[in-house]
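Student: Here's a structure for you.
The values are calculated or read from the model by the stated rules, or taken from the named source; none is laboratory data. This structure is a prediction, so every number in the text was calculated from the model and none was measured. Cβ: placed from backbone, ideal geometry, glycine included. Neighbour counts: every protein chain shown.
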Amino acid sequence: MTERNDGRAPDQLREHEIIPDFVPTAYGSCLIRTGNTRVICTASVEEGVPPFLRGKGEGWLTAEYAMLPASTGRRKARDGVKKDGRGVEISRLIGRALRQAVDRRWLGERTVTIDCDVLTADGGTRTAAITGGFVALALAVDRLIREGKLRESPIIHQIAAVSAGIVDGAPMLDLCYVEDSSAQTDMNFIMNEQGDFIELQGTGEGRVFTKNELSSLLTLGEKGCGDLLALQREALGERAKWIGQKHTLVLASNNAHKIGELKAMLGDTMRVISMREAGFADEIEETGTTFEENSRIKALAVARATGHAALADDSGLSVDALSGAPGVYSARYAGEHGNDKANNALLIRNLTGIEKPWTARFVCAITVTLPGGFSKTVRGECPGVIIEDARGTGGFGYDPHFLYEETGETFAQISAEDKNRVSHRSRAIQAILPTLRAL
């Protein structure tokens, strides 16, 4: 076995230390020490995003890396107008890696900049910067939540990075400068808490490397990142709770059936609550001229008021012969909101004299909106035909006059379970589920 100059085992990290809140003026900060490598990592937060993201309801995360003049013992010139190429490359690497830690839709339209300044360099500065940069990011999120600028955490993954290499024919973890400068193979690993790889950088420096050597390096990288993830959580303490926080979805309704249905569909991915449970009791004026507009109005109002993701729907009947009426006025078609008998009577009266079949569709638009402004709207439709004579005693609204052609029965005749399987609302929910599950 090759003897390491500091006496470590091949699979052993250098002595590490992470000191949180190292720069009190920063939103989040830490000093990370990896052997004799020391990096100050700070997170700054600014309202607004780059032009290519404006109006999209998403935030941005970027990074800058620099080595201070005396960090290597021999003075390194500061960056001027022309940036140091290596520093630019590492800055981009840190930004790419840490963007994998956040769902930027939960950040809102604000920018987080991670600055990594190397005080002393003894190998592994880029991996130390990523590992420390994540801690600074988590601390910045904690402050944003404490200040009320965020209600929920955008951090979906924990990120750490480590180096490994082949030195004198032997695989070794966490190379110091002496080892790194003589390594036949040099690799950097960036991983999350699930053991997934975010980025691998591997180069045969002195010679090619074999599949077996690669396998050995992968094992070392996984172990090293696992050890560093534990160290990050220890440094964050109670503030580690913001990593992978389960998000809340407020349903713009107090309907217990709807809430139960959504909970069953989403499983354990989100916490679904009613408007009442979220403390929202305001009346929302539906001023839209389409189902989509009204669902967006409701979802945005609830999201802004509660600070949580909100889901709202708007639905109704659209009859082709009436140019889409009653449409958004379905519930108050005859003037009084919720008067099913009057609404149905007016519908049949307006259709009388028009050539049959009276084709129609029930329509449901569903919008999910995040507090930062991200919004997604989908539409579900169930086609059918309006019949003159009411059939069935179930359902509500226009159900007795809506013939679902696939069964030859009205929505008032089929069971509630069968209706829920084919309804416009069910189809809209199925269309929005991928978005909800990805939040």
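Student: Tell me which residues, restricted to the stretch 98-148, are under 17 Å from the mean Cα position of the chain (by Cα) and basic (K, R).
Tutor: R99, R104, R105, R110
Student: Being touching a strand residue (DSSP E or B) at 6+ places or on another chain (Cβ under 9 Å), among the acidic types (D, E) and over 24 Å from K246 (Cβ atoms) narrows it down to one of D142, D103, D117, so name that one.
Tutor: D117
Student: Also, I was wondering about something else. I need a count of the residues in the stretch 177-230 that are farther than 22 Å from H16 by Cα, surrounded by 16 or more Cβ atoms within 10 Å (Cβ to Cβ) and of a type in the set (D, E, K, R).
Tutor: 1
Student: When the stretch 181-213 is examined, which residues are found to be of a type in the set (D, E, K, R) and touching a Ser or Thr at 6+ places or on another chain (Cβ under 7 Å)?
Tutor: D186, E205, E213, listed by residue number.
Student: For the subset of the stretch 21-30 comprising residues that are of a type outside the set (S, T, N, Q) and buried (at least 21 other Cβ atoms within 10 Å of the Cβ), which member is farthest from Q232 (Cα to Cα)?
Tutor: Y27
Student: Could you identify the single residue in A390, A365, A334, A325 that is touching a strand residue (DSSP E or B) at 6+ places or on another chain (Cβ under 7 Å), surrounded by 15 or more Cβ atoms within 10 Å (Cβ to Cβ) and farther than 30 Å from G59 by Cβ?
Tutor: Only one candidate qualifies: A325.
Student: Still on this structure, I have one more. So in the stretch 84-103, with the set limited to residues that are basic (K, R) and at pLDDT 95 or above, which one is farthest from M67 (Cα to Cα)? Before you say what the answer is, go through the steps one by one.
Tutor: Residues of the stretch 84-103 basic (K, R): 86, 92, 96, 99.
Filter once more, so that each one left must be at pLDDT 95 or above: 92, 96, 99.
Numbers: R92: 15, R96: 19, R99: 22 Å.
Looking at residues that are basic (K, R) and at pLDDT 95 or above, I get R99.
Student: Just to verify a result, which residue in the stretch 46-61, among those that are out of contact with any strand residue (DSSP E or B) (no Cβ under 9 Å at 6 or more places or on another chain) and part of a loop (DSSP other than H, G, I, E, B), is farthest from S375 (Cα to Cα)?
Tutor: R54
Student: While we're looking at this one, here's another question. Write out, first by first residue and then by second, each pair whose Cβ atoms fall under 7 Å of each other, whose residues are 6+ apart or on separate chains, and whose first residue, in the stretch 149-162, is assigned by TED's automatic domain parsing to the domain that holds T111 and within 27 Å of T34 (Cβ to Cβ) while the second is of a type in the set (S, T, Y) and modelled with pLDDT of 95 or more.
Tutor: From residues that are assigned by TED's automatic domain parsing to the domain that holds T111 and within 27 Å of T34 (Cβ to Cβ), the pairs are A160/T131; A161/T127; A161/T131; V162/T127.
Student: With respect to E293, determine if the residue is at pLDDT below 90 and within 28 Å of the chain's Cα centre (by Cα).
Tutor: On the way: at pLDDT below 90: no; within 28 Å of the chain's Cα centre (by Cα): yes.
For E293, the condition - at pLDDT below 90 and within 28 Å of the chain's Cα centre (by Cα) - is not met.
Student: Limited to the stretch 234-262, what total is found for residues that are of a type outside the set (F, W, Y) and surrounded by 17 or more Cβ atoms within 10 Å (Cβ to Cβ)? If you could, list the steps in order and put the result at the bottom.
Tutor: Our first condition is that a residue be of a type outside the set (F, W, Y); within the stretch 234-262, this holds for 234-241, 243-262.
So of that shortlist, the ones also surrounded by 17 or more Cβ atoms within 10 Å (Cβ to Cβ) come out as 235-236, 239-240, 243, 247-253, 258-259, 261-262.
Matching residues across the stretch 234-262 total 16.
Student: Does T111 qualify as being buried (at least 23 other Cβ atoms within 10 Å of the Cβ) and in contact (Cβ under 8 Å) with a residue 60 or more places away in the chain?
Tutor: no
Student: Going through the stretch 105-141 one residue at a time, which ones are charged (D, E, K, R), farther than 17 Å from L68 by Cβ and out of contact with any Phe, Trp or Tyr (no Cβ under 6 Å at 6 or more places or on another chain)?
Tutor: Of the residues in the stretch 105-141, the ones charged (D, E, K, R) are 105, 109-110, 115, 117, 122, 126.
The next check asks that each one be farther than 17 Å from L68 by Cβ; those that pass are 105, 109-110.
Selection gives E109, R110.
Student: Let me ask something else about it. Consider only pairs whose beta carbons are under 6 Å apart and that are at least six residues apart or on different chains; among these, list those whose first residue lies in the stretch 278-300 and is without any contact (Cβ under 8 Å) to a residue 40 or more places away in the chain and whose second residue is small (G, A, S).
Tutor: The qualifying pairs are F280/A305; I284/A301; I297/G288.
Student: In the stretch 114-149, how many residues are out of contact with any Ser or Thr (no Cβ under 6 Å at 6 or more places or on another chain), farther than 27 Å from D79 by Cα and either buried (at least 24 other Cβ atoms within 10 Å of the Cβ) or not β-branched (V, I, T) (or both)?
Tutor: Residues flagged as out of contact with any Ser or Thr (no Cβ under 6 Å at 6 or more places or on another chain), farther than 27 Å from D79 by Cα and either buried (at least 24 other Cβ atoms within 10 Å of the Cβ) or not β-branched (V, I, T) (or both) within the stretch 114-149 amount to 9.
Student: Of all the residues that make up the stretch 363-422, how many are part of a strand (DSSP E or B) and farther than 29 Å from L249 by Cβ? Talk me through it step by step, then tell me what you get.
Tutor: Pass one, the stretch 363-422, residues part of a strand (DSSP E or B): 363-369, 375-386, 402-404, 409-410.
From what is left, the residues that are farther than 29 Å from L249 by Cβ are 383-386, 402-404, 409-410.
The total comes to 9.
Student: A further question on this structure: Condition test on G95, is it under 16 Å from A26 (Cα atoms), touching a residue at least 12 places away in the same chain (Cβ under 8 Å), part of a helix (DSSP H, G or I) and not β-branched (V, I, T)?
Tutor: no
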